[in-house]
C-alpha cells in the first residue's frame, strides 16, 4: 500500500509499503523511543494487554530496504469474543520521517480498511488531542475528550457504513417504485408475502440473482424454494405449492437449475405445480409459492417497547463461492428438521415477524421496524452467531434460516434453531447498534424501503 498524494502533487513519490508485521520487535523499539523517551507518556514501557492478545495485528510502514518507518496496531477492543468492536492504537511514526511522506495518514487508512475487512462494525481510537485535526480530515468523528497518562486525548470513531450501504443497494429504491401499488395490501405493505383477499391463501414471489444462477445453478434452484418457503413461514403459512420460471442457455443448464429446485421442493414438502422454461436466453430464475393460514402474521405488527428476538439455525457453513454473503444452514438438514423450522412462526404467534433476506439481519430488522412505524435497537453482543462468521458478515449476509420477531413468543424455537432476545422497538426511525459499554452507533438512519408503515 503506497501513499500516492505526494506524486499527485508533483513531489517525488512516497516510497513505503504497509503490511501486517511478522516480527514486531522494531515496532516495539520505535514505540518505546517515541512514547517513553520522547513524549514521556509512560515511565518504562508502553506495553499493555493488547500486545499479548493473539488477535492483535500490527501494520507496519516499511521503506524499500525494510526499515520500519511507522506502525499501528488493530484488533478487537475487549478480551472477550470478537463481536465486531475493534480499536486502533499505538500509532507511531519515526521522528526522522514525520510529516513529509504522509506515513501517519496512510497507516490510519490501512487500519480502517483492515478492521472493516475483518468484519468490524465499530472502530475506535483514542488519540492525542493534537492529532484530532488529522483524524477529522480522514473522516473520523470525535466522540468525547478523555485524559490518558495525564495528557489530553480524544476518543475518535471511524464511521462504518456497511449495513447502510447494503440496504441502500438492495431495498431503498422500493418505496418510489412500488408505493402506488400498495404491495401486500393494507396492514401487510412490503411484507414477505401477500394475503390473497377473500381467501386464506398467502402468495410469495422471489427472483434469484442472475449472476448466482449462472455461477451456481443447483444452489440457485434450491434457494428458489428456500426463500419462498421462508417468506410463507414468516407469515405463519403452511406451503401448498410452487410455480417457477426458468431461463437458460440450453437444456443441460436448465436441468442443473431444476435439479436443485427438485431437491428443495422434496425437502420442504412443497409440490411444484408448474411454471415456464425458456431456452436460448441468459440465466434467470424466479418462483412463486402459495401457502395457507387463517391468521397471517404481519411484518409490521410491532409497537414501541416490543422485544426483538432472532431465531436462527447456526449450523452449516459459508456456501463455497459466496463467503461472507450466503450462509448455508439448510442443505445438510433433514426434511423433518426443515419443516420444524418453517413451522416456528405459526406456533409462536409473535406480533410481527420477517424472515432475514438479502438485507441481512440488521436490514431486515429495519424493515420490520419501518413497517411497524418504529425504530429499533439491536444488541450486537446478544445476536446468536456461528463461530465461523464475523459480526459484520453475519449481520449483513443471507443466513439460510433466520427469523426476526417482535413481541412475546408462545412457543419455543424448534431444534436445531436457537432464539435470543437481542433488542427492542422504540419510537423514531432507523436502526441503532447497542454495544456492551452502553455506546450506540447508527446502522440505518431512516426507513429501509421507503414504503412506510404497513
Once every DSSP H run of n ≥ 4 in the chain is given -39500 (n - 2.57) and the sum is divided by its residues, what mean residue ellipticity at 222 nm do you get, rounded to the nearest 500 deg cm²/dmol? -7500 deg cm²/dmol
Over all pairs of different Cα atoms in the chain, the reciprocal of the mean inverse distance gives a Kirkwood radius in Å of 24.2
For segment 297-434, what does the alpha-carbon gyration tensor say about shape, rounded, prolate or oblate, given a ≥ b ≥ c as the root eigenvalues, a/c under 1.5 as rounded, and a/b over b/c as prolate? oblate
Relative to the longest principal Cα axis of the chain, at what angle does helix 217-234 sit, 0 to 90 degrees, rounded to 10? 80
Please report 235, 156 as a ranked list, fewest other C-beta atoms within 10 angstrom at the top and most at the bottom. 156, 235
Distance in nm between label sites at residue 408 and residue 323, each 7 Å beyond Cα in the beta-carbon direction? 4.6
Answer check: segment 84-128, Cα atoms, Kirkwood Rh, Rg/Rh ratio of 1.03
According to the square roots a ≥ b ≥ c of the eigenvalues of the Cα gyration tensor, what is the shape class of segment 12-58, taking rounded for a/c under 1.5, prolate for a/b larger than b/c otherwise, and oblate for the remainder? oblate
Neighbour counts of other C-beta atoms within 10 Å: give me 288, 342 arranged from fewest to most. 288, 342
Take every DSSP beta bridge with both residues inside segment 5-160 and express the antiparallel ones as a percent of the total, to the nearest 5. 90
Where both residues lie in the chain, what percent of DSSP beta bridges are antiparallel, nearest 5? 80
Cα extents of segment 368-454 per principal axis, largest first, Å, are 34, 31, 24
Across 5 Å bins beginning at 0, the whole-percent shares of Cα-Cα pair distances in segment 192-297 come to 3, 15, 26, 22, 16, 10, 6, 3, 0
Acute angle (nearest 10 degrees) that the helix 251-268 long axis makes with the longest principal axis of the chain, alpha-carbon atoms: 80
Arrange the peptides 387-394, 447-454 so that the one whose residues have, on average, the most other Cβ atoms within 10 Å appears first. 447-454, 387-394
With both bridge residues required to lie in segment 192-297, what share of the DSSP beta bridges run antiparallel, to the nearest 5%? 75
Report, to two decimal places, the Cα Rg of segment 5-160 normalised by 2.2 N^0.38 Å (N = number of residues). 1.01
Cα axis of helix 103-117 to longest principal axis of the chain: angle in degrees, 0 to 90, nearest 10? 20
Based on other C-beta atoms within 10 Å, arrange 365, 395, 174, 182 from fewest to most. 182, 174, 395, 365
Between segment 100-151 and segment 399-454, how many Å separate their Cα centres? 30
Over the Cα atoms of segment 221-276, what is the Rg over Rh ratio if Rh follows Kirkwood? 1.00
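Quick note: the coordinates plus some simple rules give every number you see, no bench work behind them. Remember, predicted model here, so these are calculated numbers, not experimental data. With ideal geometry, Cβ positions are generated from the backbone for all residues, glycine too; neighbour counts draw on all protein chains shown.
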